[in-house]
Every structure is written in structure tokens, then in C-alpha cells.
Amino acid sequence: MGRAITYVILGGGVAAGYAALEFTKRGISHGELCIISEEPVVPYERPALSKGFLLPEAPSRLPSFHTCVGANEERLTPKWYKEHGIELVLGTRVKSADVRRKTLLTATGETISYKILIIATGARALQLEEFGVAGSDAENVCYLRDLADATRLVDVMKSCTGGNAVVIGGGYIGMECAASLVINKINVTMVFPEAHCMARLFTPKIASYYEDYYKSKGVKFIKGTALSSFDIDDSGKVTAVTLRDGNRLPADMVVVGIGIRPNTGLFEGQLTLEKGGIKVNGWMQSSNSSVYAVGDVAAFPVKLFGETRRLEHVDSARKSARHAVTAIMEPAKTSEFDYLPFFYSRVFTLSWQFYGDSVGEVVHYGDFSGSTFGAYWVSKGQLVGSFLEGGTKEEYEAIAKATKLKPDVEDLAELERQGLGFALAV
Ligand code: FDA
Ligand code: NAD
């Protein structure tokens, strides 16, 4: 069994949704585009899963957060795909790919051939077993990557009201889930190996603000250690968590957020990889000219830094996907991707944004005992990164603009004195 389709998007996550929208804007005919996804639903805004989806009151549910509502664009429902003649092969895993023959083989035994392939396979959550700890399949151990995980997490939370949760990992998933657990009236202890939360981005001073805020909500932190083993009862439930430092924590549920691995497996040995992802050029084109890669799985040149990076954030998934489609449909008019990295998070009533790169010397500014503060990163005499908590729309736009322009910074003390005013004046 086989069929031939001009454009195939492999993966049905954030990047796939934005790529589909861009294809229709650029003009494709019915039957020219197909999306193959392991997930049973059309693309949705994955960030909702650790935020609105987990709320006890009026939680977000599909179809409300299908792409592309996150960028204030049209919401692409199954009906929209049908109306645009986009073929959906959902709930179907691609189990092998042959880029020389330009074919994909699905788990249902179908061969789909393409002229152009866009790889948008995203990433999978790292499992505790990869760190030598057994128990991921216990009934009350939760991961969070897709809708099925989020649905399960909601069910487990509902059965644990008033109980104890242990959150393993102090990154994005750990921080956002810990906040949601508290809102669901569950006692939270966070455990992670670093000296402070969000170690990939936050400075100790920034981290301490958020940790204090979380402590004020009742969250406990156990830092500098990792999970050693679980106590699992006869019904297959974790009842306690033992840490490497010997601590033993009673647990009614566990949430694990210990990082991700990009889904490159189908293409290893066929395409050039870098930084754990599929290496692409400034047009999101891989080492095979018929194959593009976008989103979490792509390692692309960040012009601003003069370096190849793989980013794991929704803004880059949206924009890299749209850029790839533009490059495919209008190659002569498309210049190199010129992307300013943008990360954000919202927890409780807090909200921050970060632009650029967190390297070099750090200058903090603002009121760390209040609600608006931030930091700049300065490398080789230039502003390269900006963080702001509690800003207004105009202030966020100002730090984004300033970071993109990379202005010279001669005097760090003066930058600290000017604070947000520096970005507002650029
Ligand atoms: P994504 O993971 O969205 O999609 C990949 C798709 O490919 C999935 O549908 C998967 O099933 C499919 N697939 C993989 N292999 C396949 C195969 N072999 N066959 C068929 N289908 C296959 N970022 C941010 O900037 N701000 C935020 O607040 C958040 N919040 C957030 C919350 C949670 C819970 C998560 C898990 C992630 C975030 N992120 C985020 C990160 C952001 O969601 C992420 O960067 C994007 O979803 C990446 O989009 P992609 O399309 O690349 O992958
Ligand atoms: P992460 O990389 O943000 O954090 C991983 C954390 O795991 C580290 O901070 C560390 O504390 C911890 N860790 C690593 N090894 C460990 C071990 N053996 N034991 C205990 N802890 C360990 O990854 P994540 O939090 O799992 O997030 C997954 C993905 O989802 C990332 O790509 C992230 O960007 C994305 N995400 C982003 C947002 C956002 O941008 N607001 C929100 C949620 C998820």
C-alpha cells in the first residue's frame, strides 16, 4: 500500500500547526499537504498542558487551544484542515524513513512518499530509567509531554487532594507543575541536583526570588541531590521517594521533569546531526535538500550569536516552521532565518520573559523585593541577553528590541543604575 504526496509534515505538534497555516497562506492545492502524527488530535499549543489545562477551576480543554491561537492567529480545528484539503494521518507513528527514496513507513504498514519532507517530531521526555532509577510505570508517577500525559496528570492530582507530591527536576516542567499542584491543594516538595531552580537560565539571585515565592506558597526545596529509589506498594503505587542524600519523603504522587531528547531516531545515519538535533541551514534545510527540520528537533544557525543552536521553546517552533514553509514555497524571496531566542513562563501570578543569550557578565536591576525586576547579560562589551519579571507589554518589547540590536555597554555600574530605562532608551 502506498501513496505519493507533495509536502509531508512528520509530527503533529506546535511546529506542524504553524507550518500548515503558512502553507495555506502561501497557496497550496487540496491534497498537496499531509500531516502524519502519533498523537490522535490535530496540532495544539503544547504550553497549555502545564498551565491552563492543570487548573482545578475552568481548566482549558481542546478544542480551545489548537494552534495557532498562541500567536493570536486562526484556531485550526479538524474542520479547518478538511476545508483546506490537508490530509491528516493521526494516531499513526512513522516507524522508518528513507530519505534517499523519499519514503516514510507508518506503523500501520503504509508507505507515504513525498517530494518535500518537514520533520517536526519534537522531543520526548527523558525517563528516570535513563538515570538508573526504576519505577516510571508506577500508577502515580507522571511525566508531561503530550495530551495523554496531561490528562493522566489531572486524574492523579484529583485523587491526591490534600496529599503529598514530590516533583523531580527544577526546570520548566518542575516549576510549572509545582505551581499547578499547589493550586490543586497538594503539598509539594521539589528535588533537583543543582544549587538552585532553573539552573539553565536563572542566576542565583533570580532563582532565589522564585524559590522564596514558592516557599511562601508552601513548597519545600531539596537541592543538590537526586532520586535514588521509590517504595512501591502491592497495587503498583509509589508510597515514598528515597533520595541519594538519604532523605525519605512520603509521596502520594510524583511528577518527573528531567529534560528531553529530540526525536531524531528515524534519521540517524541519514542526515547530519548537531547539538542533539537535525542540523539545518538558515532556510531550515537539512543535509538532504528535500528534507527540512523545524521546532525542538532542529539545530539551526542563530545569526545573532553566529552559532548553531537547538532551542526547546514554542516561539522558535512557531517561527522556524513558518520560515521553512516560506523557504519551500518562495525560495527566491526568502532570506536566512534571523531569530531572536525568546523564552517565557507564567506561574501563579508571576510572569517573565527572556530574550537572547544568557552568557557573559550579569547585571541585575529593579526591585527584587517587589514585583518588577530583571537582568541583563553582557558579553564582549555588548548586551546579549535580557530578562524581565512583571513587565508591561511595552517593557517586554523594549528588552526584545534592545537585545536584538546588541548595543555596546561600556559601564556595567551605569547599566545597573539605568536598569529597565536602558532598554527603553535604545
Ligand atoms: P512537539 O513536541 O510540539 O510535536 C512533535 C509531534 O511529533 C508530536 O505530535 C509527536 O507525537 C509527533 N511525533 C514524534 N515522533 C513521531 C513519529 N515517529 N511518528 C509520528 N509522529 C511523531 N515553550 C515555551 O516557550 N513556553 C512555554 O510555556 C512552554 N510550555 C510547555 C509546556 C509543556 C508541558 C511542554 C511539554 C512544553 C512546553 N514548551 C513551552 C515547549 C514547547 O511546547 C515546545 O518547544 C514545542 O512544542 C516544540 O514544538 P515541535 O512541533 O517541535 O514539537
Ligand atoms: P529542563 O531541561 O528545563 O529541566 C530539567 C531539569 O531536570 C534540570 O533543571 C534538573 O534540575 C533536573 N534533572 C536533570 N537530571 C536529573 C536527575 N537525574 N534527577 C533529578 N533531576 C534531574 O527540562 P524539563 O523541565 O523536563 O522540560 C522539558 C521540556 O519542556 C524542555 O524542552 C522545556 O523547554 C519545555 N518546557 C518549556 C516551558 C517554558 O518554556 N515555559 C514550560 C514547560 C516545558
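Every number in this text was worked out from the coordinates using simple rules, so none of it is lab data. Since the structure is predicted, the reported quantities are computational estimates derived from the model, not experimental observations. Here Cβ is always computed from backbone atoms with ideal geometry, including for glycine, and neighbour counts include all displayed protein chains.
Descriptive notes on the structure:
- Residues whose amide H comes within less than 5 Å of that of Ile260, counting only those at least five positions distant or on another chain, are Leu126 (H built at 1.01 Å from N in the peptide plane).
- Shape category assigned to the chain from the gyration tensor of Cα positions, a/c cut at 1.5: oblate
- Order by protection proxy (mean Cβ within 10 Å, highest first), peptides 231-239, 104-112: 104-112, 231-239
- Interchain or long-range residues, amide H under 5 Å from Glu274's placed H: Lys279
- Exposure proxy ranking, count of Cβ atoms within 10 Å, fewest first, for Phe192, Phe342: Phe342, Phe192
- For Gln382, nonlocal amide neighbours, meaning residues 5 or more places apart or on other chains whose placed amide H falls under 5 Å from its own, are Val409.
- Helices of the chain meeting both criteria, an alpha-carbon length of 15 angstrom or more along the long axis and an average Kyte-Doolittle score not below -0.5, with helices taken as full DSSP H segments, are 14-26, 147-158, 172-183, 314-329.
- The Cα center of the stretch 279-326 and the Cα center of the stretch 38-57 differ in position by 24 Å.
- Label point distance in nm, Ser369-Ala107, each placed 7 Å from Cα along Cα→Cβ: 5.6 nm
- Under the Debye formula (equal points on every Cα, no solvent term), log10 I(q)/I(0) of the stretch 1-146 at q = 0.09 Å⁻¹: -0.33
- Residue-by-residue Karplus 3J(HN,Hα) for the stretch 273-287, coefficients 6.51, -1.76, 1.60, Hz, glycine and proline x: 10, 7, 6, x, x, 7, 6, 10, 8, x, 10, 6, 9, 7, 5
- Taking 18 Å as the cut-off, the amide N atoms of the stretch 244-269 that come nearer than this to a point 7 Å along the Cα-to-beta-carbon line of Asp233 belong to 249-255.
- Percent antiparallel among DSSP beta bridges (both partners in the chain, rounded to 5): 60 percent
- Diffusion constant of the stretch 225-271 at 20 °C, which comes from Stokes-Einstein with the Kirkwood Cα-pair radius and 1.002 mPa s, µm²/s: 162 µm²/s
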